[in-house]
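Each remark here refers to the structure printed beneath this line.
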Amino acid sequence: MTGVQEQPSANARKAATAARMYDYYLGGIHNFPADREAAEAVIAQFPFIRDAARANRGFVAAAARFLAESGIKQYLDVGSGIPTVDNVHTIVRGPQPDARVVYVDLDPVAVAEGLEILAGDERAVAVRGDLLQPRAILEHPEVRRVLDLGRPVGLILAAVLHFVPDHATAEAVTAELLAALPPGSYLVVSHTATESFTMIGRSPAAEDVYQRRTATPGTVRTRAEVERLFAGLELVEPGVVWAQQWAPGTAADQPQPAGPGGIWAGVGRKP
């Protein structure tokens, strides 16, 4: 694994992307100068962004482990970014050694890096896909090769739906993906919180970073709006709570404020 090669003549022309900025927040090596510059601009305004990214990643790891321990052997991680830090396929293969994982991202560099990381692994792949085109994702030849959509799948939409600003569209693409999966499948969602996450849409500086420097403008949502993404599913206790507070089977108490940079997180099962 070589990471992103430092070739100034080529990399200087590459615009920042949310996937590679997220990799930078997590301490990864798969990012370009433009990503680091954009990420540092956000960090300067919101020093908590790294903690928020790590809380989100911790939730994804805990949720993936829970799904694997519940018997799920297939995973579709949409908006995965670059699978380097606490990647899903490594986590789920503890309880499920034969688990199959498809990583989907819009960023071609994230996909290329993912393919390099997964080289030689016939049960995991990275593909390019747009969350706004769920049918194309579901019909992708590599998705069909790796996953059997007639058997339960863990659908992971972690820190990606906030890049779908329209609420109705976010609900619709989530529902379309779930509709293609059989009963016993799970949905894993994390999302920036209106209640405490003031980064997107409330700061001109942050809005400039995400809407002008990248191709992925975003939004925040309330706890109630995130809960609606689980319509028709059985929420796993504790329901939708702060990412750092999520643990399967714990009491669904009213979550206390998480402070700046809160991330709502939850897991639901398709009955």
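The values are calculated or read from the model by the stated rules, or taken from the named source; none is laboratory data. The structure presented is a predicted model; accordingly, all values stated were derived computationally and were not measured. A quick note on method: Cβ atoms are made from the backbone with ideal geometry, for glycine too, and the neighbour counts reach across all protein chains shown.
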Going through the stretch 77-100 in order, the residues found to be under 26 Å from ALA16 (Cβ atoms) and surrounded by 23 or more Cβ atoms within 10 Å (Cβ to Cβ) are ASP77, VAL78, GLY79, SER80, GLY81, ILE82, PRO83, ASN87, VAL88
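With respect to ALA110, is the statement that it is under 18 Å from the mean Cα position of the chain (by Cα), at pLDDT below 95 and under 23 Å from ALA61 (Cβ atoms) true? Outline the logic, then answer.
Numbers: under 18 Å from the mean Cα position of the chain (by Cα): yes; at pLDDT below 95: yes; under 23 Å from ALA61 (Cβ atoms): yes.
The answer is yes for ALA110.
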Residue set LEU157, LEU149, LEU161; condition surrounded by 14 or more Cβ atoms within 10 Å (Cβ to Cβ), touching a His at 6+ places or on another chain (Cβ under 7 Å) and at pLDDT 95 or above; output residue LEU161
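Take the residues in the stretch 11-21 that are part of a helix (DSSP H, G or I) and at pLDDT below 80, then tell me which one is surrounded by the fewest Cβ atoms within 10 Å (Cβ to Cβ).
As a first pass, look at the stretch 11-21 and keep what is part of a helix (DSSP H, G or I): 11, 18-21.
With the extra rule that they be at pLDDT below 80, the set shrinks to 11, 18-19.
Details: ASN11: 16, ALA18: 28, ALA19: 26.
Among residues in the stretch 11-21 that are part of a helix (DSSP H, G or I) and at pLDDT below 80, the one surrounded by the fewest Cβ atoms within 10 Å (Cβ to Cβ) is ASN11.
Taking the stated definitions as given, is GLY58 more than 24 Å from ALA180 (Cβ to Cβ), surrounded by fewer than 23 Cβ atoms within 10 Å (Cβ to Cβ) and in contact with a Ser or Thr (Cβ under 8 Å, 6 or more places away or on another chain)? Explain how you work it out, then say what you get.
On the way: more than 24 Å from ALA180 (Cβ to Cβ): yes; surrounded by fewer than 23 Cβ atoms within 10 Å (Cβ to Cβ): yes; in contact with a Ser or Thr (Cβ under 8 Å, 6 or more places away or on another chain): no.
When the stated conditions are applied, GLY58 does not pass them.
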Looking across the stretch 22-39 at residues that are assigned to a loop (DSSP other than H, G, I, E, B) and touching a helix residue (DSSP H, G or I) at 6+ places or on another chain (Cβ under 6 Å), the single one that is farthest from ALA55 (Cα to Cα) is PHE32
Only unsatisfied item for THR84, checking (1) assigned to a strand (DSSP E or B); (2) out of contact with any strand residue (DSSP E or B) (no Cβ under 7 Å at 6 or more places or on another chain), is (1)
Per the filter on the stretch 67-76, residues surrounded by 21 or more Cβ atoms within 10 Å (Cβ to Cβ) and not aliphatic (A, V, I, L, M) are LYS73, GLN74, TYR75
Of those in the stretch 99-136 that are in contact (Cβ under 8 Å) with a residue 60 or more places away in the chain and part of a helix (DSSP H, G or I), the residue nearest to HIS167 (Cα to Cα) is ALA110
Subset of the stretch 71-98, residues free of Cβ contacts under 8 Å to residues at least 24 places away in the same chain and more than 26 Å from TYR25 (Cα to Cα), comes to PRO97
Given (1) at pLDDT 95 or above; (2) assigned to a helix (DSSP H, G or I); (3) not β-branched (Val, Ile, Thr), GLN96 misses just (2)
Exception for GLU227 within (1) closer than 16 Å to ALA63 by Cα; (2) modelled with pLDDT of 95 or more falls at (1)
Counting only residues that are out of contact with any helix residue (DSSP H, G or I) (no Cβ under 7 Å at 6 or more places or on another chain), surrounded by fewer than 16 Cβ atoms within 10 Å (Cβ to Cβ) and at pLDDT 95 or above, the stretch 164-216 contains a total of 8
When the stretch 137-150 is checked residue by residue, the ones that are outside any loop (DSSP other than H, G, I, E, B) and touching a residue at least 24 places away in the same chain (Cβ under 8 Å) are ILE137, LEU138, GLU142, VAL143, VAL146
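Looking at the stretch 120-134, is at least one residue in contact with a Ser or Thr (Cβ under 8 Å, 6 or more places away or on another chain), closer than 17 Å to TYR22 by Cβ and surrounded by 14 or more Cβ atoms within 10 Å (Cβ to Cβ)?
Here is the first cut: in the stretch 120-134, the residues in contact with a Ser or Thr (Cβ under 8 Å, 6 or more places away or on another chain) are 126, 132.
Then keep just the ones that are closer than 17 Å to TYR22 by Cβ; that gives 126.
If we keep only those that are surrounded by 14 or more Cβ atoms within 10 Å (Cβ to Cβ) as well, we get 126.
Scanning the stretch 120-134, I find at least one residue that is in contact with a Ser or Thr (Cβ under 8 Å, 6 or more places away or on another chain), closer than 17 Å to TYR22 by Cβ and surrounded by 14 or more Cβ atoms within 10 Å (Cβ to Cβ), so the answer is yes.
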